[in-house]
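Read the structure below first, then the notes.
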Amino acid sequence: MAALKIANVNWQSELNKAAHHTSDYSSTEAILRRGQPFTITLHLQTMVQSGDNFTFIASTGPSPAESQRTKAVFNLSEEGASGWSATQEPSEPGCMNFTIFSPANAVIGRYKLKLQIVSGNKVSSTLLGQFVLLFNPWCPNDDVYMANEKERQEYVLNDSGIIFQGLEKYIQQEAWNYGQFEEDILDISLAILDRSLNHRQDPAADVSNRNNPIYVNSNDEKGVVEGKWNGKYCSGTNPLQWSGSVTILRKWYRGRYKPVRYGQCWVFAGVMCTVLRSLGIPTRVITNFNSAHDRNINLSIDKYVDISGKTLHLTEDSVWNFHVWNESWFIRRDLGSFYDGWQVLDATPQERSKGIYQCGPASTRAIKEGHVNLDYDSSFLFAAVNADYVTWIHYSNKRKERIYSDTRKIGKFISTKAVGTNSRVDITANYKYPEAGSLKERQVYKKALKLLAVRSTWKRTKITRRRRRSSVAWRQNMTQPAQKPSISGKLILDASPVIGQDILLTLALRNLTSDFNNIKVKLRASAILYTRKPKAEILQLSRSVKLGSEEVKEISFKISYSQYKNSLVDDRKILVTAVCETKQGASLLVEKDIVLQDPFLTIKVLGPTVVHKAVDVQVTFTNPLSEVVTGCVLRAEGSGLIKDQLRINVARMAPMESSTVQFEIIPYKSGTRQLQVDLVCIHFSDIKGFVMLDVTPA
């Protein structure tokens, strides 16, 4: 009796990819989602004998084992102990069709599929091929199941997006190319899992745990991107110049896993979103404006300034203009169904958690309810959106004055991209109760303080429990309202500030009393990073103002381009402070964050966009400076439009001169596509723009 011989295996690539929502992956490999059947066809060289028995073996990881759920052995028409099964379907002569089912909690990763045939007393085994198994948001039994199809399209299948940056009162859109379906990106995402600390310590156990989205989200990726917030970026790329994840991930992979230089929070979040979407976990990018970095987790951020308004570094706490992290969607079997839904993962290496730089996944429901005693850094993230902000004027080591305590400053306009459009959605209500006209938010805050005080172990500090309690009690006492000042003030921009132009400001002061007020005003302007860390002093002014009963006066002043041009950092941010001292009542500190706007960059697509048909793109921009600009480079990228980043040298530009660059793209995927353009120059930070294109099939 001749053993059964298989001529070839047809993995029904088009059929399976369409059914499993994996048609966009640029790969010839079978890419499937767990909890869903797939079909293969065997073309035979010999005939099947009546007594032949078929057993399938699916295995993944370096040491597959049934006990670890990394190996499944299952017969035809009989579900194995692992939940895998196979059925034979009707077929043409000389072929055999099989439908194979994977369980909804299967380990994700690259599998080998073998067929073992017992024919009489002969046993033969044939490797049918390899496939990649992903999480499945379309499967109701998968932990990452998402019921809304439009949300699945956005959070799993959309390969481009918007990351919001700027200030709470000046929110900017920055386009980002996630590119999770581009060639080799899925392979790189799996390689990231294999480079984790857990994998290096115990590869078999690590792979076994990859059935759980909590584990995959909390796994330390061990450095795809190296962070840097200070100094020059000569040995790498300025974080502001990245426009997407594809270039970064390929650079990491081809550079033998050496961290790519350099990233900041939006870069970490953009890359993480790419990796998690490629693995099938619904993920989005979140921006928190006025984001607190509470190093000692006491839910209070102290800011100290001296009498001139200069920021003093007397604490490690800080408030960033914005901070970017991710949310992934899955259920919480470890915490209970109340905490299901969006989970926060912060990929920016800020603080160590359990000995390594990681943060999350923390349930947004836990953060909103003040459940800071739960695992996965919920206390750190609660503080990021809901800490109190306390400002002090530091006169000397023996004297400091608390000028106000603000319970509403932190965690403003928490934002993400809308489903199906590029508009901004405010999701602050997912993180905390309303801060205006509601007692609930303060009740939650006090509950969080209490939970921190009674925790038996501390995740982030080494201070004792008794010291911690006293610290929290001190905070509760300290955050009582400060003495009310006798004047009010506001810094007002007279016109939108554009790089290369002077900045015109007005300080409006109002006497809140019926008494005469003599005020000493000290104005200061500093170039800052988006982390609000001062980098260079730009301007200092002193004024004396006399205010009569309830009088209002305005002080106008200018920050000229010549004053700030050599001090401005790439973030293009300036912090203006005014310390106002009165003999009656408390002092007043007025602050204004300024972002200098880029000159406009326009993008025109000169014709219809059709798959595999060339079309020209025209980009026009203007030198905003009063000096000659040289050495500029125009860069363009976009998934489905340009396979590798395009770079074009730009000719010398005279002051205020406009320049036009034209280049050709050949779209290779249909659908809505995002084309990003970035002008990089040593004279000013990069100028970015993007346009959405509807590419029709060939």
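Details
- Filter result for ASP194 (of a type in the set (Asp, Glu) and open to solvent by less than 20 Å² (accessible area, probe 1.4 Å)): no
- None of ALA636, ALA698 is over 28 Å from SER560 (Cβ atoms), of a type in the set (Gly, Ala, Ser) and assigned to a strand (DSSP E or B) except ALA636.
- Tally, over region 317-338, of residues that are out of contact with any Pro (no Cβ under 8 Å at 6 or more places or on another chain), part of a strand (DSSP E or B) and hydroxyl-bearing (Ser, Thr, Tyr): 1
- Residues of region 228-273 that are within 14 Å of the chain's Cα centre (by Cα) and over 13 Å from SER189 (Cα atoms): PRO239, TRP242, SER243, GLY244, GLY263, GLN264, CYS265, TRP266, VAL267, PHE268, ALA269, GLY270.
- Any chance GLN173 is open to solvent by 50 Å² or more (accessible area, probe 1.4 Å), of a type outside the set (Phe, Trp, Tyr) and within 19 Å of ASN326 (Cβ to Cβ): yes
- Residue that is nearest to ASP593 (Cα to Cα) [pool: residues in region 381-402 that are open to solvent by 10 Å² or more (accessible area, probe 1.4 Å) and not in a loop (DSSP other than H, G, I, E, B)]: TRP392
- Of everything in region 515-530 that is of a type in the set (S, T, N, Q) and open to solvent by less than 20 Å² (accessible area, probe 1.4 Å), the residue that is modelled with the lowest pLDDT is ASN517.
- Top-ranked residue in region 486-501 [being touching a Leu at 6+ places or on another chain (Cβ under 9 Å) and of a type in the set (Ser, Thr, Tyr); ranked as surrounded by the fewest Cβ atoms within 10 Å (Cβ to Cβ)]: SER488
- Residue in region 552-563 that is under 44 Å from the mean Cα position of the chain (by Cα), more than 19 Å from LEU589 (Cα to Cα), crowded, with 17+ Cβ neighbours inside 10 Å and aliphatic (A, V, I, L, M) present: yes
- Test: residue in region 247-261 that is of a type in the set (A, V, I, L, M), part of a strand (DSSP E or B), buried (at least 19 other Cβ atoms within 10 Å of the Cβ) and free of Cβ contacts under 8 Å to residues at least 40 places away in the same chain: yes
- Test for GLU154: is it among the charged types (D, E, K, R) and under 19 Å from the mean Cα position of the chain (by Cα): yes
- Matching option when the condition is surrounded by 15 or more Cβ atoms within 10 Å (Cβ to Cβ), among the β-branched types (Val, Ile, Thr) and under 25 Å from the mean Cα position of the chain (by Cα), among ILE665, ILE642: ILE642
- Which listed residue is buried (at least 21 other Cβ atoms within 10 Å of the Cβ), among the aliphatic types (A, V, I, L, M) and over 25 Å from GLY179 (Cβ atoms), from ALA65, ALA30, ALA58: ALA58
- Every residue from region 403-421 that is assigned to a loop (DSSP other than H, G, I, E, B) and either at negative phi or open to solvent by 10 Å² or more (accessible area, probe 1.4 Å) (or both): THR407, ARG408, LYS409, ILE410, ALA418, VAL419, GLY420, THR421
- The set of residues in region 616-630 being part of a strand (DSSP E or B) and open to solvent by 10 Å² or more (accessible area, probe 1.4 Å) consists of ASP616, GLN618, THR620, THR622.
- Residue within region 567-588 that is open to solvent by less than 70 Å² (accessible area, probe 1.4 Å), closer than 23 Å to TRP392 by Cα and outside any strand (DSSP E or B) present: yes
The values are calculated or read from the model by the stated rules, or taken from the named source; none is laboratory data. Predicted model, so just to flag it, every value in this text is computed and none were measured. As a convention, Cβ positions derive from the backbone with ideal geometry for all residues, glycine included, and neighbour counts pool all protein chains shown. With ligands, DNA and RNA removed, areas are computed over all heavy atoms of the protein, side chains included. Shrake-Rupley method; radii C 1.70, N 1.55, O 1.52, S 1.80 Å.
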